[in-house]
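Peer 1: Take a look at the following structure, please.
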Amino acid sequence: MNKTTILETGVGLFVVLGLAALFMLAMKMSNFATYSSKDGYTVTARFEEIGGLKVQAPVNAGGVRVGRVTGIDYDEKRYQAKVTMQIDGRYKAFPTDTTAAIYTAGLLGEKYIGLEPGGETEYLKNGSEIRLTQSALVMERVLGQFLFNKAQEKFPN
Amino acid sequence: MTMLRNLGHWWLGIMARMGRSLIFLVQILFGMHELLLRHPREVVMQLYSVGVLSLLIILVSGLNVGMVLGLQMYNTLVDFGAEAALGPVVALSLVRELGPVVAGLLFAGRAGSALTAEIGLMKATEQLAGMEMMAVDPIRRVVAPRLLAGIISMPLLAAIFSAVGIWGAYFVGVGLLGVDEGAFWSQMQAQIDWRDDVLNGVIKSIVFGVVVTWIAVYEGFDSVPTTEGVSRATTRTVVAASLSVLALDFLLTAMMFNK
Amino acid sequence: MSEIDASRAALPSLVSIRDLKFGYGGRKIFDGVDVEIKRGQVTTIMGPSGTGKTTLLRLIGGQIKPQSGEVVVDGRHVPKLSRQGLYDLRRRIGLLFQTGALFTGLSVYDNVAFPLREHTRLPEKLIRNIVLMKLEAVGLRGARDLMPAELSGGMARRVALARTIVLDPMMIMYDEPFTGQDPITVGVIMKLIRQLNDTLGLTSIVISHDVQEASSISDYLYVLSGGKVVGEGAPDAMKTNESPWVRQFMQGAPDGPVPFHYPADPIDDDLFGMVTA
């Protein structure tokens, strides 16, 4: 092996290694593989309160990720938050009376949307709205409610 | 009064240098097409001395930083019973910050100083003037391939640094400390966004590559052509390039992750 | 004298410098210099150190521009040339640097081949023939695989010379070719300068302060001092020149019009003078 060959092989190795590292970062260490899906459909849902829900948050059904949140907006006519989510194309059969609820992963974790299918025979399709929703629990409100109830128990008027 | 004057003098000097280096960059970019058409092999040669020769220090440092991160984060997270979050925490710090920044600093020290010294010595031994008298433009022939090689190498080196670092944290966390392997990878995948985190990290490293190499070749080309001048220019490259990496990192972070 | 002048005037000039003025900052290096380099001749420009002899070569090569005056090379006004025009001109001028300025990363062979590879699209086989021929001309065909770091100073200069003539220039400029060389190397370089000039039909400009060597190979000499030409003529005529400047330089007298002392206050004042505040 002469000098040029060693040099060129080294450069080749370097480039392969670098691209492999980039590939690994994308495929194994991030959500690139599951990102895909232009082939999905979009549904919307309105919530009274979304807590700390963010765009890109997962949408789960039975604990399995089926889509993600793509947009969050505020509807000024109804004074509600409007959440747009994209469901993967392979999950086609969510009934129209599916419930969407905002949950928290763990005590301090991220917010996500959980879908609970209902019993209708018609399915959600692109542009549908999920009518049955359950807002996020906001810790201050829950605590406030709890204290209020306790107080009422003690001093019933 | 004299202090004010010195300050003004110093400031004007800095401004003049920045102006000159900007003109220099424009000159290099104008010669780029010619380089790619006529001397593609020269870029390969420079990829070797800029990229391949920096590989060892990047691999060793990446592994080390990753292992230390794994250890430290584990000790903190385990108190909250959240050691399953080790994967995303380590990966986020590496991909967003430590990968581009530490690789950039190492690159400034390893490749940047070498570039400045090489070009400075070529100037001091009249090789650049000789080239000019042979009707060969040293900016196109000597500087442009080095700049291009630096811009190509830096993102690859940063990606290698991050990937090796994550593997280092994996060895420590999963291998030694018993974090669940499935949780380590799946949490990482769920938390790390390829566009917000990985792509932004790559963009950062490209910017660092441009700036570090630009400073290095400019300092070499602009150095006083004596032994002392070249050694000073080399020091200036490492200092200026490292500070630029840190300052730009703050700016870029503020722009990218400020939601 | 006038006969020689007349015959010299009849020769065509390759380089004409007229009323050249040049300085760095406030320091004047040239203050109205006139130099004529005739085609086919070896012309030496001499002068004490620090008189800007090397600067003159850089002005001819267009690396720097004069503040005023003309520099005409082969009918072209160098300071007015565009970048492209300048590069076209430089392709036909060789400059041999004091240090040789070989590319340290390339072997002797690649150094000599460099201008060919840059400026021509000749096949590698033809390049090899040309390179070996030029190396043969300087006697270093056997050293083609060495790296510049392995060469002695004299050899490095000869390799640089081979590189300078590889594009068959019309003119070669030598910057202090004898400085710091042993007598044998000086002899070799003297022989090469004269031989290449005559066999290849070149024009040569030599910058030197080695009076003996320069006189023996040159057709014409210029002596520069204090930013002006203080004497010119054929080597023989210069030896009998009456100008005190020329005489001091040709004979190597330590004191004369070029003073031994750097300008200073009288020594009595400096050593014993009262310091008054």
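Peer 1: For A:Tyr103 and B:Val78, FRET efficiency with R0 = 25 Å and r from the beta-carbon atoms, rounded to 0.05?
Peer 2: Efficiency at R0 = 25 Å is approximately 0.50.
Peer 1: What order do you get for B:70-79, B:101-110 when each peptide is scored by the mean count of other beta carbon atoms within 10 Å, highest first?
Peer 2: The peptides rank, most packed first, as B:101-110, B:70-79.
Peer 1: Tell me the Rg and the Dmax, in Å, that the Cα atoms of segment B:106-155 produce.
Peer 2: 12.0, 36
Peer 1: What residues from segment A:86-102 fall in the zone where the backbone N is under 18 Å from a label point 7 Å along the Cα-to-C-beta line of B:Ser186?
Peer 2: It comes to no residues whatsoever.
Peer 1: Toward the positive end of the charge dipole of the protein assembly as shown, about the Cα centre and with charges on Cβ (Lys, Arg +1; Asp, Glu -1), which of B:His39, C:Pro48, A:Gly127 goes farthest?
Peer 2: My answer, from the dipole projection, is A:Gly127.
Peer 1: With a/c under 1.5 counting as rounded, go ahead and sort segment B:1-146 into rounded, prolate or oblate using the C-alpha gyration tensor (a ≥ b ≥ c being the square roots of the eigenvalues; past the cut-off, prolate if a/b is larger than b/c, else oblate). Numbers along the way, then the final one.
Peer 2: On the way: a/c = 3.06, a/b = 1.65, b/c = 1.85.
It comes out oblate by the Cα gyration axes.
Peer 1: Kindly provide log₁₀ I(q)/I(0) values, in the same order as q = 0.13, 0.16, 0.22 Å⁻¹, from the Debye equation applied to equal alpha-carbon scatterers of segment B:94-210.
Peer 2: These q points yield log10 I(q)/I(0) values of -0.64, -0.81, -1.14.
Peer 1: What is the average number of partner chain Cβ atoms found within 10 Å of a Cβ in B:154-167?
Peer 2: Average per residue, whole number: 5.
Peer 1: How big is the C-alpha Rg of segment C:7-53 next to the rule-of-thumb value 2.2 N^0.38 Å, as a ratio?
Peer 2: Its radius of gyration relative to the 2.2 N^0.38 Å reference: 1.36.
Peer 1: Give me the one-decimal nm value for the distance between modelled label points at B:Phe250 and B:Leu176, 7 Å along each residue's Cα-to-Cβ direction.
Peer 2: Here the answer is 3.4 nm between the modelled labels.
Peer 1: Now, a different point. Would you mind calculating the relative contact order of chain B from Cα pairs under 8 angstrom and at least 6 residues apart, reporting the percent as a whole number?
Peer 2: 32 percent.
Peer 1: If we count other beta carbons within 10 Å of each Cβ, what is the order of B:His33, B:His39, C:His261, fewest first?
Peer 2: If I rank by nearby Cβ atoms, fewest first, I get C:His261, B:His33, B:His39.
Peer 1: Dipole of segment B:62-143, Cα-centred, from +1 at each Lys and Arg C-beta and -1 at each Asp and Glu C-beta, to the nearest 20 debye?
Peer 2: 160
Peer 1: From Cα pairs below 8 angstrom and at least 6 apart in sequence, can you work out the relative contact order of chain C, rounded to a whole percent?
Peer 2: Relative contact order of chain C: 23 percent.
Peer 1: What is the P(r) of chain C, as percent of Cα-Cα pairs per 10 Å bin from 0?
Peer 2: Result, from short to long distances: 6, 26, 32, 21, 9, 4, 1, 0 percent.
Peer 1: Let me ask another. Counting Lys and Arg as +1 and Asp and Glu as -1, each charge on the Cβ, what is the dipole of chain B about the Cα centre in debye, to the nearest 20?
Peer 2: 800
Peer 1: What distance in nm separates the two pseudo spin-label positions at A:Thr9 and C:Asp19, each 7 Å out from Cα along the beta-carbon direction?
Peer 2: About 6.8 nm separates the two model spin labels.
Peer 1: To test your reading of the geometry: what angle, between 0 and 90 degrees and rounded to tens, separates the Cα axis of helix B:53-79 from the longest principal axis of chain B?
Peer 2: Approximately 30 degrees, to the nearest ten.
Peer 1: If you don't mind, another one. What does the structure give for B:184-193 when I average, per residue, the other chain Cβ atoms found within 10 Å of the residue Cβ? Walk me through the intermediate numbers first.
Peer 2: Values: counts 0, 2, 0, 0, 4, 8, 8, 4, 6, 5.
The per-residue average across the peptide is 4.
Peer 1: Taking 8 Å as the Cα distance limit and 6 or more residues as the minimum spacing, I'd like the relative contact order of segment C:123-277 as a percentage.
Peer 2: Result for segment C:123-277 is 13 percent.
Peer 1: Compute the acute angle (0 to 90°) between the alpha-carbon long axis of helix B:181-191 and the principal axis of greatest extent of the alpha-carbon atoms of chain B; round to the nearest 10°.
Peer 2: Relative to chain B, helix B:181-191 is tipped by roughly 60 degrees.
Peer 1: Hey, another quick one. Using the alpha carbon gyration tensor of chain B, what are the three equivalent-ellipsoid semi-axes (square root of 5 times each eigenvalue), largest first, in whole Å?
Peer 2: Listed largest to smallest, the semi-axes of chain B are 40, 21, 16 Å.
Peer 1: Within 10 Å of each Cβ in peptide C:80-89, how many partner chain Cβ atoms are there on average? Round it to a whole number, please.
Peer 2: 1
Peer 1: Using only the Cα atoms of segment C:97-212, what do you get for the radius of gyration and for Dmax, in Å?
Peer 2: Calculated on Cα positions, Rg and Dmax stand at 13.6, 44 Å.
Peer 1: Quick one: length gained pulling A:Met27 to A:Asp39 fully straight, 0.36 nm per residue minus the C-alpha distance?
Peer 2: Result: 2.4 nm gained on full extension.
Peer 1: Next question, about the same structure. Give me the extension gain from A:Ser135 to A:Thr84: residue separation times 0.36 nm, minus the current Cα-Cα distance, reported in nm with one decimal.
Peer 2: That pair, A:Ser135 and A:Thr84, stretches by 16.9 nm at full extension.
Peer 1: Can you give the local net charge around C:Val35? Use residues other than it whose beta-carbon is closer than 9 angstrom to its beta-carbon, Lys and Arg +1, Asp and Glu -1.
Peer 2: Net local charge, C:Val35 excluded: -2.
Peer 1: Can I ask one more? Using only the alpha-carbon atoms of segment A:41-144, report the extent along each of the three principal axes, biggest first, to the nearest angstrom.
Peer 2: So the three principal-axis extents are 40, 33, 25 Å.
Peer 1: Rank the residues A:Asp75, B:Asp193 as a footprinting-exposure proxy: fewest other Cβ atoms within 10 Å of their Cβ go first. Don't skip to the end; give the middle numbers.
Peer 2: On the way: A:Asp75 11, B:Asp193 17.
In increasing order of surrounding Cβ atoms, one gets A:Asp75, B:Asp193.
Peer 1: Sticking with this one: Round to the nearest 0.05 the FRET efficiency obtained for B:Arg41 and C:Thr54 when R0 = 35 Å and r is the Cβ-Cβ distance.
Peer 2: 0.55
Peer 1: In a solvent-free Debye calculation with one equal scatterer on each Cα, what is log10 I(q)/I(0) for the protein assembly as shown at q = 0.07, 0.10 Å⁻¹, listed in the order of the q values?
Peer 2: Log-scaled intensity ratios, in q order: -0.69, -1.03.
Peer 1: Checking the a/c ratio against 1.5 first, then a/b against b/c, what shape does the Cα gyration tensor give for segment B:1-62?
Peer 2: Oblate shape, in that a/c is at least 1.5 and b/c is the bigger or equal ratio.
Peer 1: Along the three principal axes, how long is segment B:184-259 when you take its alpha carbons, biggest first, rounded to the nearest angstrom?
Peer 2: The Cα atoms of segment B:184-259 stretch 56, 25, 14 Å along the principal axes, largest first.
Peer 1: If you restrict to DSSP beta bridges whose two residues both lie in segment A:41-144, what percentage is antiparallel, to the nearest 5?
Peer 2: 75
Peer 1: I want to check the label-to-label distance for A:Glu49 and C:Ser68. Put each point 7 Å from Cα in the C-beta direction and report it in nm to one decimal.
Peer 2: That separation, rounded to one decimal, is 8.7 nm.
The numbers here are math on the coordinates, done by the rules we state, and not lab data. Computed from a predicted structure; not experimentally measured. Please note: Cβ atoms are built from the backbone with ideal geometry, for glycine as well, and neighbour counts cover all protein chains shown.
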